[in-house]
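**Student:** The structure follows.
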Amino acid sequence: MKVRKAVITAAGWGTRFLPITRSQPKEMLPLVTKPLIQYSVEEAINSGIEQIIVITALGKRAIEDYFDRSFELEYVLEQKGETRLLQEMRELSDLVDVCYIRQKEQLGLGHAILTARGIIGEEPFAVLLPDDIIDSKVPTLKQMIAVYEQYKTNILAVERIGSEDTINYGIIEPGKISDHIYQVLRLVEKPEPSQAPSDLGVVGRYILMPQIFDTLEATPPGKNQEIQLTDALQLLLKQQAVYAYEFDGVRYDTGTPLGWLKATVTFALRNPDFGQELKEYLHQLL
Ligand code: G1P
């Protein structure tokens with residue numbers, strides 16, 4: 001069955017970005033001229049996804065407003081003769097069919113995904129964590145869908161991480177299948193370096209089979225007392241294969257100020273309107 005739906009989780013508190021996230025959803029922080037979440041939405045669309053389900057929470061209304069149509073704004077732009085901007089604003093609200101679910105209690109990533117069960121139904125689906133921005137020629141999700149088409153089972157995106165970083169990721173024990181593809185033999189959520197089964201960390205892109213919902217229901221709270229997707233996958237792999245795919249691309253963790261800054265500078269330097277000027281400015285600074 002084709003992967004048609006994608007869940008984008010946007011319910012977290014964004015504690016690593018306090019104080020700005022007191023009143024501003026972290027997913028709406030700008031990355032040059034677009035909010036972070038738009039990169040995930042565009043990646044999903046460019047990978048052939050037809051419906052996006054955004055999991056939000058209290059204080060995240062700005063996300064819904066952003067992808068909605070604003071007749072008032074369109075009217076003002078029309079009066080001012082700003083036709084190019086007007087066109088861009090219309091295209092933005094017509095991007096894709098987006099629906100929203102509010103996660104009423106923030107009980108973890110696994111719990112957030114479980115709230116989408118009714119809308120997903122019995123089909124494979126994608127999950128994107130919008131903090132992870134991946135710069136790649138072919139959208140990462142599209143690369144993963146190609147792997148899914150081959151194996152027709154759960155696919156996780158992984159990359160090699162520094163050993164001191166294992167405490168920030170789900171880590172897999174890999175069984176090599178081919179170049180860049182591994183069978184997942186075991187998963188551990190955020191282990192200490194000495195407990196990590198490898199240096200392959202899961203990044204925020206998943207293709208999941210609908211059976212994950214039953215295992216999520218059966219998953220007790222884990223790390224940080226949250227229902228962890230990693231723990232549910234560990235349960236799932238007793239009945240269904242889970243594969244990991246080392247994607248081709250550069251990932252930025254924009255959930256931290258430093259990661260966000262690195263992505264901002266890299267993307268801004270490529271901007272045709274001001275990239276060159278920024279480059280000269282940075283040279284002067286250094
Ligand atoms: C989540 C997952 C973790 C994964 C990471 C990727 O953690 O729980 O397994 O490696 O995303 O970004 P979070 O970063 O939300 O704490």
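**Student:** Mind sorting I53, I167 by how few other Cβ atoms lie within 10 Å of their own Cβ, fewest first?
**Tutor:** By the 10 Å Cβ count, ascending, the order reads I167, I53.
**Student:** Still on this structure: Students often forget the sequence filter, so: which aspartates and glutamates lie under 20 Å Cα-Cα from K176 once same-chain residues fewer than 8 apart are removed?
**Tutor:** E149, E159, D199, E246, D248
**Student:** With a 10 Å radius around each residue's Cβ, average the other Cβ atoms per peptide and rank 218-227, 246-255, highest first.
**Tutor:** Packing proxy ranking, top to bottom: 246-255, 218-227.
**Student:** Return K238, K2 ranked ascending by Cβ neighbour count within 10 Å, so the fewest neighbours appear first.
**Tutor:** If I rank by nearby Cβ atoms, fewest first, I get K238, K2.
**Student:** Shifting gears a bit: Out of the DSSP beta bridges found with both residues in the chain, what percent are antiparallel (nearest 5)?
**Tutor:** 55
**Student:** Assuming 0.692 mPa s and 37 °C, estimate D for the chain with Stokes-Einstein, Rh taken as the Kirkwood radius over Cα pairs, in µm²/s.
**Tutor:** 165
**Student:** Starting from the eigenvalues of the Cα gyration tensor, five times each then square-rooted, give me the equivalent ellipsoid semi-axes of segment 189-286, largest first, whole Å.
**Tutor:** 39, 16, 13
**Student:** In addition: Distance between Cα centroids, segment 1-76 to segment 115-191: provide it in whole Å.
**Tutor:** So the separation of the two Cα centres works out to 21 Å.
**Student:** Still on this structure: Run through every distinct alpha carbon pair of segment 38-176 and return the Kirkwood hydrodynamic radius in angstroms, one decimal place.
**Tutor:** The answer is 17.8 Å.
**Student:** When the Kirkwood hydrodynamic radius is evaluated over all pairs of different C-alpha atoms of segment 187-236, what value in angstrom, to one decimal, is obtained?
**Tutor:** 11.8
**Student:** Of all GluC sites (Glu not before Pro) in segment 1-59, which ones are in loop regions per DSSP and have a Cβ with at most 14 other Cβ atoms within 10 Å?
**Tutor:** For GluC sites (Glu not before Pro) across segment 1-59 that sit outside H, G, I, E and B with at most 14 neighbouring Cβ atoms in 10 Å, the list reads E50.
**Student:** Okay, moving on. With n ≥ 4 as the cut-off for DSSP H runs, can you work out [θ] at 222 nm for the chain, using -39500 (n - 2.57) per run divided by the number of residues, rounded to the nearest 500?
**Tutor:** -9500 deg cm²/dmol
**Student:** Restricting to DSSP loop positions (anything but H, G, I, E, B) with no more than 12 other Cβ atoms inside 10 Å of their own Cβ, which GluC sites (Glu not before Pro) remain in segment 112-205?
**Tutor:** Listed in order of number, the matching sites are E122.
**Student:** Sort M209, M1 by Cβ crowding within 10 Å, fewest neighbours at the top.
**Tutor:** M1, M209
**Student:** Turning to a different aspect of this structure: Can you give the angle from 0 to 90° between the axis of helix 36-45 and the longest principal axis of the chain, with both taken from C-alpha atoms, to the nearest 10?
**Tutor:** Roughly 70 degrees, rounded to the nearest 10.
**Student:** Still on this structure, I have one more. Label R160 and D179 with points 7 Å out from Cα along Cα→Cβ: what is the distance between them in nm?
**Tutor:** Here the answer is 1.5 nm between the modelled labels.
Just so you know, all these numbers are worked out from the coordinates, no wet-lab data involved. It should be emphasised that the depicted structure is a prediction, and the values quoted were computed from it without experimental measurement. No Cβ is skipped: glycine too gets one built from the backbone with ideal geometry, and neighbour counts run over all protein chains shown.
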